[in-house]
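The values are calculated or read from the model by the stated rules, or taken from the named source; none is laboratory data. Because the structure is predicted, anything quoted here is derived from the model rather than measured. Please note: Cβ atoms are built from the backbone with ideal geometry, for glycine as well, and neighbour counts cover all protein chains shown. Keep in mind that these areas ignore ligands, DNA and RNA; they rest on the heavy atoms of the full protein, side chains included. Shrake-Rupley method; radii C 1.70, N 1.55, O 1.52, S 1.80 Å.
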Amino acid sequence: MSGPAPTPIPTPLPPQTPARTARFDFLNSKPPPNYVAGLGRGATGFTTRSDIGPARAAPDLPDRSASASAAAAPGVGRGRGRAPREDDDEEKGYDENQKFDEFEGNDAGLFSSADYHDDDREADAVWEGIDQRMDSRRKDRREARLKEEIEKYRASNPKITEQFADLKRKLADLPAEEWESIPEIGDYSLRNKKKRFESFVPVPGTLLEKARQEQEHVTALDPKSRAAGGIEMPWAQTPVTDLTAVGEGRGTVLSLNLDRLSDSVSGLNAVDPKGYLTDLKSMKITSDAEISDIKKARLLLKSVTQTNPKHPPGWIAAVRLEEIAGKLQAARQLIQRGCEECPKNEDVWLEACRLASPDEAKAVIARGVVSIPNSVKLWLQAAKLETGDLNKSRVLRKGLEQIPDSVRLWRAVVELANDEDARLLFHRAVECCPLHVELWLALARLETYDQARKVLNKAREKLSKEPAICITAAKLEEANGNTQSVNKVIERGIGSLQREGMDIDREAWLKEAEAAERAGSVLTCQAIVKNTIGIGVDDEDRKRTWVADADECKKRGSVETARAIYAHALTVFLSKKSIWLKAAQLEKSHGSSETLDALLKKAVKYNPQAQVLWLMAAKEKWLAGDVPAAQAILQEAYAFIPNSEEIWLAAFKLEFENNEPERARMLLAKARERGGTERVWMKSAIVERELGNVNEERRLLEEGLKLFSPFYKLWLMLGQMEDRIGHEVKAKEVYENGLKHCPSCIPLWLSLASLEEKISGLSKSRAILTMARKKNPGTPELWLAAIRAELRHGNKKEADALLAKALQDCPTSGVLWASAVEMVPRPQRKGKSSDAIKRCDNDPHVLATVAKLFWLDRKVDKARNWLNRAVTLSPDIGDFWALYYKFERQHGNVDTQKDVLNRCVVAEPKHGENGKQ
């Protein structure tokens, strides 16, 4: 019986570890050629951002190995049926695997093989022009943005020098004692604090023996010395100083100095004789080293004189060197050789004369004159060697025989002669030197009037182009009383110069006019101005130019020249009010009352409609004490300007100031009848207030307010009047009504707040000031009034808070910053004043406050300078003048006090807080 065969049990295979290991060997082995992972599954290659930037599609990155595989296995790779040929890249004209370009991408060489025609070039030029145009339009915005970014960066990251700038400025005031008391910084590092090992080595005996021998005094003679009959110092026992080695350094320095003094010209070294001789003159022999220098210099100068014996500065330098060395005889021998080598040089002869003894000097200079008979210096030196005036004159006359055209010799001869001989000498001088105008003018000064005129006429014939001759002739006519001829002489002289073709320089002639004024020739000055002021000036520029010239002359102190310019300008511009005013100011400052009165009479004659000239004439008469004359001038002004309010008010002021209230009332009444303005009504009320007529004052103010309700001063005066007589409620109503018509009037708001503080207290006043600030933002006076109100009631914290808000609202207000400096404690005032100066450095209130701080610190000069700046910037504020005068009373003298008072009177201040009290 047979059954199914039993299934054989498989025999378990032994573990095949080596086969499993071979399964992963490909990970460490090199891939086969043209292998692309995943290509059989349809995968494509890619490039990451870390390689070239943004990823790109697979078709843009063909791979030769992938193409080869696709060619080997068609159907695999989707569309890659043809293997690329090697000449495809040549047909494309670029490499697809080229490096990525950040601007043009990977298509930079796409059209590199295409032809570049003229059309392409023209299109590129157009596009480039468009790009430049667009870039230029954005340039301003780009630069502004860049500038703003730089400023922000610098503001947020300041330099160390900027952070400590204020501290560095304070170092300027640090006294010398504090500078010296600053300790020296030391090295406190631990490394240097460690005690270093110090070793000491004993001195060898040879060194001690050598030192002993050097200091030993030898008292015995050496046998060789005794044999030779003299003394010979032992060479080994005496320290020998090599003079050549020691002087080598100084010789180098001397040669460098000589090179510095020389100048290379065309390959030759020309030494400056003046500078080099001056250096030699300043040399002093103080040591053996300088002896070596002299030897070195002697060798150099010997080389100079031997190589170029015809060079005079070389001989002079060598002589000066010997003189410094104390060898006067050698110097004389050298200069004698120099005279023989350079007989035509006057400097050599002058040097020889200087070195020669007094007995030999005349002989030396005589030989020099024989060698150079045309040398003026030698003749003058020869005259100096003579003792008497007669001998000097004789030598100079001999020199004039050789050089008759020397002006210096003629001057020297004339100085030694008396007046009569000088006149004769000048006659001869002008014959020998007819082209020297100084000789002609000097001769004219020595002659009489008639002879001087003849001399000047001859000079004019010889020197027709010299302007000094006609100016001197004009001065001569003025000095002799011929005032009518002065202008003619100047006029003819200028005409002749113009005919000769000379250009008339207006500026130069004005300077001549100023010189004539300083010499006392006023008529000559006026004639020069009259005949030259209009030369070279266009008609439309005459007024501006002449006024500028007069101002410049006035600044230089040439009053007569400025007066002459104004006088000539007024002959051309008779109706110009501004020139009349400037001329009147000049006469007021530098003239007399008579000249000013005469000028103003001419001014009102030619300008009868100029009320300012009438008022100025009347005021000058009033200031001079002649009240009737001032009244007459104003009455005359009525006839020409009947409706001038300024004339009416000036007449009223004149009468009122001279205790004529009734006449003042009449004048104001007539002015009101003729339709006067609000100023007339205000002046009328002021008159009644001064006289004590309250009812009449109220009537005038009420009538004036009916006619001129927007004029805030009438409301202010009416409210002040009611407050003065005790009608506080009525005054409050007046102020409130005034604010309805004048809501922006700050004085009305301040007056109402002050009145409310007095009636109802601080709370009501605070409310009014708050309302005023809302209606008038940015007004420092309202903030200041609120701050002071809080301070009056002891509310320091509220005042500080208001001040902080005020400085935010009005950051450039000097009044507020001055109050801020005064309100802070004294230790903080310096910093607060620095902030105030930074915000408003030219505000007079800040300057005055800083001056007070200097005053308290006893810095008198600084306080005076700052107070002077304050009154100069705002001369109309009387508080600053009072403070300045108080300071001078405490720290100044009588002269400074008078100066402040005089300046204050001239400024006529009309404003200030203390003046209202």
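Just a few scattered comments:
- Selection from region 603-621 of residues that are over 12 Å from ALA650 (Cα atoms) and either aromatic (Phe, Trp, Tyr) or surrounded by fewer than 15 Cβ atoms within 10 Å (Cβ to Cβ) (or both): LYS605, TYR606, GLN609
- Test: residue in region 115-135 that is of a type outside the set (Lys, Arg) and at pLDDT below 80: yes
- All of PRO661, PRO710 fail the test of being within 51 Å of the chain's Cα centre (by Cα) and free of Cβ contacts under 8 Å to residues at least 60 places away in the same chain, apart from PRO710.
- Evaluated against (1) open to solvent by 50 Å² or more (accessible area, probe 1.4 Å); (2) at pLDDT below 90; (3) in a helix (DSSP H, G or I), GLY831 falls short on exactly one condition, (1).
- Candidates ALA772, ALA820, ALA851 - the one that is in a helix (DSSP H, G or I), of a type in the set (A, V, I, L, M), closer than 25 Å to SER744 by Cα and modelled with pLDDT of 90 or more: ALA772
- When residues of region 350-386 are limited to those that are small (Gly, Ala, Ser) and part of a helix (DSSP H, G or I), the one nearest to VAL413 (Cα to Cα): ALA383
- Taking region 634-651 as the range and being within 49 Å of the chain's Cα centre (by Cα) and either over 17 Å from LEU613 (Cβ atoms) or part of a helix (DSSP H, G or I) (or both) as the test, the residues that pass are GLU645, GLU646, ILE647, LEU649, ALA650.
- Residue within region 874-885 that is out of contact with any strand residue (DSSP E or B) (no Cβ under 8 Å at 6 or more places or on another chain) and open to solvent by 80 Å² or more (accessible area, probe 1.4 Å) present: no
- The numbered conditions (1) surrounded by 10 or more Cβ atoms within 10 Å (Cβ to Cβ); (2) at pLDDT 65 or above; (3) of a type outside the set (A, V, I, L, M); (4) part of a loop (DSSP other than H, G, I, E, B) are all true for LYS210 except (4).
- Checklist (1) over 29 Å from GLU888 (Cα atoms); (2) open to solvent by 50 Å² or more (accessible area, probe 1.4 Å) applied to ARG864, failing item: (1)
- Taken as a whole, region 563-575 holds no residue that is out of contact with any helix residue (DSSP H, G or I) (no Cβ under 7 Å at 6 or more places or on another chain) and either basic (Lys, Arg) or within 21 Å of LYS465 (Cα to Cα) (or both).
- Residue in region 514-528 that is more than 24 Å from ALA610 (Cβ to Cβ), of a type in the set (D, E, K, R) and buried (at least 22 other Cβ atoms within 10 Å of the Cβ) present: yes
- Residues satisfying the stated conditions in region 727-764, i.e. of a type in the set (Ser, Thr, Tyr), open to solvent by 50 Å² or more (accessible area, probe 1.4 Å) and either within 20 Å of LEU791 (Cβ to Cβ) or not in a loop (DSSP other than H, G, I, E, B) (or both): SER754, SER760, SER763
- In region 797-814, residue farthest from the chain's Cα centre (by Cα) [restricted to those that are touching a residue at least 24 places away in the same chain (Cβ under 8 Å) and open to solvent by 20 Å² or more (accessible area, probe 1.4 Å)]: ASP809
- All helices (runs of 4 or more DSSP H) inside region 461-576 with 2 or more residues being touching a residue at least 40 places away in the same chain (Cβ under 8 Å): 467-479, 483-499, 506-518, 522-532, 559-572
- For region 544-580, a tally of residues being among the basic types (Lys, Arg) and closer than 12 Å to ALA513 by Cβ returns 2.
- Leading residue by the ranking (modelled with the highest pLDDT) among those in region 622-648 that are surrounded by fewer than 12 Cβ atoms within 10 Å (Cβ to Cβ) and closer than 15 Å to ASN658 by Cα: PRO628
- Looking across ALA584, ALA550, one residue alone is farther than 27 Å from LYS488 by Cα, open to solvent by less than 50 Å² (accessible area, probe 1.4 Å) and either out of contact with any strand residue (DSSP E or B) (no Cβ under 6 Å at 6 or more places or on another chain) or modelled with pLDDT under 85 (or both). It is ALA584.
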